[in-house]
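Below is one structure, written out as structure tokens; the observations come after it.
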Amino acid sequence: MNKSPDAQRMEKIVSLCKRRGFIFQSSEIYGGLSGCWDYGPLGVELKRNLKNYWWHVIVHERDDVVGMDGSILMNRAVWKASGHEDTFTDPMVDCRSCKARLRADQVIEKKGGRQCPNCGGKDLTEPRPFNLMFKTYVGATEDESSLTYLRPETAQAIFVQFKNILEVSRKKLPFGIAQIGKAFRNEINPRNFTFRSREFEQMELEYFCRAEEGTKLLDYWLEERLKFYENIGIPREKLHARKVPDEESAFYSKGTYDIEYDFPFGRQELEGVAYRTDYDLSQHQNASGKSLEYFDEETKQRFVPHVVEPSAGVDRAVLALICEAYSEDEAPDEKGKMETRLVLRFHPRIAPIKCAVFPLLKNKEPLVAKAKEIVDLLRPHMNVFYDESGAIGRRYRRQDEIGTPFGVTVDFETLGEKDAALRDTVTLRERDSMKQERVPVKDLPRILLSRIS
Ligand code: ATP
């Protein structure tokens with residue numbers, strides 16, 4: 001069967017990710033571990049740039065948000081109070097013919113009944129709830145008393161530390177607490193590369209407010225989050241704010257949006273933005289017996305704040321960035337013959353390497369020395385890469401393929417050998433347009449910094 005262009009595109013993306021060191025299968029030499037992935041040298045830079053930019057926009061650029069970093073293991077009581085122990089489940093169905101374990105929504109519904117998407121078999125069990133939390137034991141005994149879970153979301157640490165953070169930060173409503181960290185879900189069918197993983201990272205903000213502000217803040221945060229994705233290079237027309245119908249959202253929610261992106265494998269959720277009312281804090285207040293109320297100095301009232309939650313997946317955003325950046329165009333090779341050029345058109349802000357520096361020839365000591373001097377000049381400001389091997393065109397291609405937005409070439413003119421006026425100038429090449437300009441070395445940090453941010 002011929003694969004669709006989107007499926008082929010996705011295959012090329014997965015293969016590029018491995019070939020160039022963005023993403024590898026976890027434990028690969030042992031056959032992997034389903035739903036787990038490792039980020040290689042370039043993937044970790046991309047992911048870090050994304051998280052740093054989120055932190056910058058959500059925490060550093062605002063007066064009304066502070067950060068925290070909670071533990072992954074928490075008291076089991078947290079997961080009882082939050083409702084996860086009883087209700088954090090997906091309906092699961094078993095196929096008695098091929099033994100596949102399926103999420104109920106993957107079962108094919110046909111006129112003649114339900115069908116297994118794997119083998120076409122019709123002998124399927126009734127759906128039953130499967131809890132997605134990974135169990136573990138804390139301490140030397142493995143029994144009910146030591147049982148807890150790997151956190152399935154980062155948000156609960158924020159709710160249970162609400163009072164401590166309120167006291168130390170002395171913030172007034174509305175204000176937020178932000179966190180980035182790992183989360184774990186024993187997904188029934190991990191799939192679509194890193195999209196549905198069993199171990200992943202979240203970037204979550206809990207923005208606390210008065211009840212009457214909730215609905216307005218939900219719209220505000222939805223817009224802020226859409227802008228965020230645009231600012232990292234995902235065009236608005238590929239983003240969709242889906243209003244989640246009441247019957248699909250949690251009973252306590254007074255409005256939920258899914259921000260979706262057009263992945264090659266379909267339109268899928270990147271982030272959820274939900275107005276969760278005072279449900280979470282009230283649950284923990286009731287279960288712990290500790291007050292999680294806010295005291296309003298002006299009105300002298302005490303109440304449990306409401307919360308709006310933008311909850312984003314780091315790995316899904318990284319995958320969207322790679323899918324969006326991946327492109328093929330035509331460019332001349334060394335001999336002027338047109339060939340297919342593979343380019344990752346990352347926004348310079350999140351590109352793993354910002355600038356590559358090349359001496360024209362590796363066996364000409366003054367060129368090499370000058371190029372290394374430029375690397376030292378740029379290094380304090382950005383992630384740079386030095387490359388002296390192979391023809392210059394091939395070096396450009398290697399950088400295009402990993403999304404490096406700028407390339408600087410040191411040639412004989414830089415040394416002032418041909419024209420004294422060109423001494424200490426270099427060629428600056430832009431990845432997408434492949435345009436080259438001549439710029440003074442001393443201006444490089446300023447020019448590049450202005451184009452990166
Ligand atoms: P889905 O419906 O796709 O399972 P969800 O609605 O359960 O996702 P939330 O609980 O709202 O997801 O989690 C917030 C965010 O965390 C999601 O928008 C997504 O970006 C990320 N996320 C959730 N589950 C996974 C997963 N298994 N792998 C990677 N990222 C995930």
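Read the figures in this text as sums done on the coordinates, not as results from a lab. These figures come from a predicted structure and were not determined experimentally. No Cβ is skipped: glycine too gets one built from the backbone with ideal geometry, and neighbour counts run over all protein chains shown.
With each label point set 7 Å from Cα along the Cα-Cβ vector, what nm distance links K99 and C36? If labels sit at K99 and C36, their model points lie 2.2 nm apart. The chain has equivalent-ellipsoid semi-axes of 46, 30, 20 Å, by the square roots of 5 times the alpha carbon gyration tensor eigenvalues, sorted largest first. Look at the alpha carbon pairs under 8 Å that are at least 6 residues apart: their mean separation over the length of the chain gives a relative contact order of 12 percent. Inter-label distance, I29 to L449: 4.3 nm, where each label sits 7 Å from its Cα along the C-beta direction. A crude spin-label estimate for the pair R398 and N52, with each label 7 Å from Cα along the Cβ direction, gives 2.3 nm. The charge dipole of segment 41-128, taken about its Cα centre with unit charges on the Cβ of Lys, Arg, Asp and Glu (plus for the first two, minus for the last two), comes to roughly 600 debye. Estimated purely from DSSP H runs of n ≥ 4, each contributing -39500 (n - 2.57), the mean residue ellipticity at 222 nm for the chain is -8500 deg cm²/dmol once divided by its residues. For segment 240-369, a crude dipole built from +1 on the beta carbon of Lys and Arg and -1 on the beta carbon of Asp and Glu, taken about the Cα centre, is about 540 debye to the nearest 20.
Listed peptides 266-273, 377-384 appear in the order 266-273, 377-384 once ranked by packing, highest mean of other Cβ atoms within 10 Å at the front. Against the main long axis of the alpha-carbon atoms of the chain, helix 279-288 sits at an angle near 60°.
Taking a ≥ b ≥ c as the square roots of the Cα gyration tensor eigenvalues, with a/c under 1.5 meaning rounded and otherwise prolate when a/b beats b/c, else oblate, which class fits segment 27-88? Numbers along the way, then the final one.
Working: a/c = 3.09, a/b = 1.03, b/c = 3.01.
It comes out oblate by the Cα gyration axes.
When the Cα centres of segment 376-422 and segment 239-311 are compared, how far apart do they sit, in Å? Segment 376-422 and segment 239-311 have Cα centres spaced 48 Å from each other. Taking 8 Å as the Cα distance limit and 6 or more residues as the minimum spacing, I'd like the relative contact order of segment 152-244 as a percentage. Relative contact order comes out at 26 percent. With unit charges on the beta carbons (Lys and Arg positive, Asp and Glu negative) and the dipole taken about the Cα centre of segment 364-453, which residue among V426, G393, T404 sits farthest to the positive side? Of the options given, the answer is T404. In loop segments of segment 372-453 as defined by DSSP, the GluC sites (Glu not before Pro) with at most 12 further C-beta atoms inside 10 Å of their C-beta are E417.
Over all pairs of different C-alpha atoms, segment 357-421 has a mean inverse distance whose reciprocal, the Kirkwood radius, equals 12.3 Å.
For the chain, the cysteines with no partner cysteine C-beta closer than 4.7 Å are C17, C36, C209, C323, C355. Note on segment 87-134 and segment 149-170: Cα centroid distance 36 Å, given to the nearest whole angstrom. Count Lys and Arg as plus one, Asp and Glu as minus one, and take only other residues whose Cβ is under 9 Å from that of D64; the net charge is then +2.
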